[in-house]
1. Could you pull the Cα extents of region 20-114 along its three principal axes, largest to smallest, in whole Å?
2. About its Cα centre, what dipole magnitude does region 20-114 give when the only charges are +1 on Lys and Arg Cβ and -1 on Asp and Glu Cβ, stated in debye to the nearest 20?
3. Restricting to Cα pairs below 8 Å that are 6+ residues apart, what does the relative contact order work out to for region 20-114? Please round to a whole percent.
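A short reminder: the numbers here are calculations on the coordinates, not readings from a lab. Here the structure is a predicted model, which is why all the values come from computation and not from measurement. Don't worry about glycine lacking a Cβ; one is built from the backbone with ideal geometry, like all the others, and counts go over all protein chains shown.
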Amino acid sequence: MKTLINVILLLTSYSAFAGGNHFHPVKVITCPSNECTPEQIKGVVPKAIVALAKYEKIDPSWGSKEIEEVKEEPFAKGIEWKVTLVDRDSDKDVTKQKRRYVFITLSGLVVGSNDSGK
């Protein structure tokens, strides 16, 4: 009986852990001395989008969108590369076009994506 209770507890406690859709940072580039250039970051954006899409953190269609900007930006956990993607087909008004942001650490880990840039 004790074994049965332990098995039930083990199976039900599994839901307390991160599920299969939990994203962990993925290494997409290794640069000398952790000093990647904007061009190197641009080159790995498709790989970053594939990694994020696998965990449903970005729609894979963003892989075909234009990279509008790549820049280093300070965040709470340190400086990261912020890649701005723009969907030029979403609206004729440039100010209303959809944008998506991909974040890559200076050491080359893709850590997330959102539509706020923050």
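1. Per principal axis, max minus min of the Cα coordinates gives 42, 32, 25 Å.
2. On the way: 15 positive and 14 negative charges, 46 e Å.
Dipole size: approximately 220 debye.
3. On the way: 168 pairs, mean separation 29.4, N = 95.
The normalised contact order for region 20-114 reaches 31 percent.
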